[in-house]
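Asks: Can you read through this structure? Questions will come right after.
The values are calculated or read from the model by the stated rules, or taken from the named source; none is laboratory data. Given the structure is predicted, the values throughout are model-derived calculations rather than measurements. Counting neighbours? That spans all protein chains shown, and the Cβs are built from the backbone with ideal geometry, glycine included. Please note that ligands, DNA and RNA were not included when accessible areas were found on the heavy atoms of the full protein model with its side chains. Shrake-Rupley method; radii C 1.70, N 1.55, O 1.52, S 1.80 Å.
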Amino acid sequence: MTNSVMFFTFLLSLTLFHTFQFAHSRSTLYNENKIFNVLDYGAIGDGFSDDSKAFKDAWEDTCNYIGSQSTMEIPEGYTFLLQPIEFHGPCKSKKIILSISGYVIAPGSPDEWECKKNHCHQWIEFAHINGLHIDGRGTLDGQGTKWWSLNCKKYKKACLKRPRGVVISHSSNVHISNIMVKDSPNFQMSLEDSKWVSVKQLTITADGDSPNTDGIHIQRSQNVIVHNSNIRTGD
């Protein structure tokens, strides 16, 4: 009888031990912040090479990571050139962080932009994402100077199709803080069809005579809060 009780106690203890180990390993995995650095995906960061594919590949892994938090890291000390690019969800991670410490630039001239069907709607778009956090001390530079100086009588279609800078659409629980957004050809930032968006401590600038360069354009969105930000644009 005593041996049976001891054996049963041993089995119970072993079961509890394995249950604890399994729960602990799941908890560790679930709470891990996985970092995906764009340099590890082939980004060059010299200001001349097109880093769009590296950013897109890094985003795919960041978005599809199964866990509580994943971070796409754009490191400081580099200048990354991006063609028009889309970062779309839905994502598997509950919290998606875009950590911007580097300098990100758009093509410098309108004829260098590679757009779908020759129509540039926006430069950088985030769409269908729940739990997006964009943060860092980096800069998103739309390099819109040559767009603004176009002769609109000669290039009427191009003037009407100046791309927006950063677009957040069909997303929720979005937090944007600390970054600088500057010199986008059209609106600097556009929040569309989204809800529960917090924007704070941003610096948004464009030349005072730049046409229609709204700082933050908000449409068809709910519960959007913008505070403690410095916005100086042409419109």
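Asks: Run through the range 176-235 and list the trypsin sites (Lys or Arg not before Pro) located in a DSSP loop whose Cβ has at most 11 other Cβ atoms within 10 Å.
Replies: Counting only loop positions with at most 11 other Cβ atoms within 10 Å, the trypsin sites (Lys or Arg not before Pro) in the range 176-235 are Arg220.
Asks: Could I ask something else about it? What net charge do the residues around Glu86 carry, taking every other residue with its C-beta under 11 Å from that of Glu86, with Lys and Arg at +1 and Asp and Glu at -1?
Replies: +1
Asks: For the range 77-204, take N as its residue count and report Rg(C-alpha) divided by 2.2 N^0.38 Å.
Replies: Here the Cα radius of gyration is 1.06 times the empirical estimate.
Asks: Excluding ligands, DNA and RNA, what is the solvent-accessible area per residue of the range 80-235 at a probe of 1.4 Å, expressed in Å²?
Replies: Normalised by residue count, the accessible surface of the range 80-235 is 48 Å².
Asks: Of all the accessible heavy-atom surface of the range 40-181, with the other protein chains kept in place and a 1.4 Å probe, what percent is carbon and sulfur?
Replies: 49 percent
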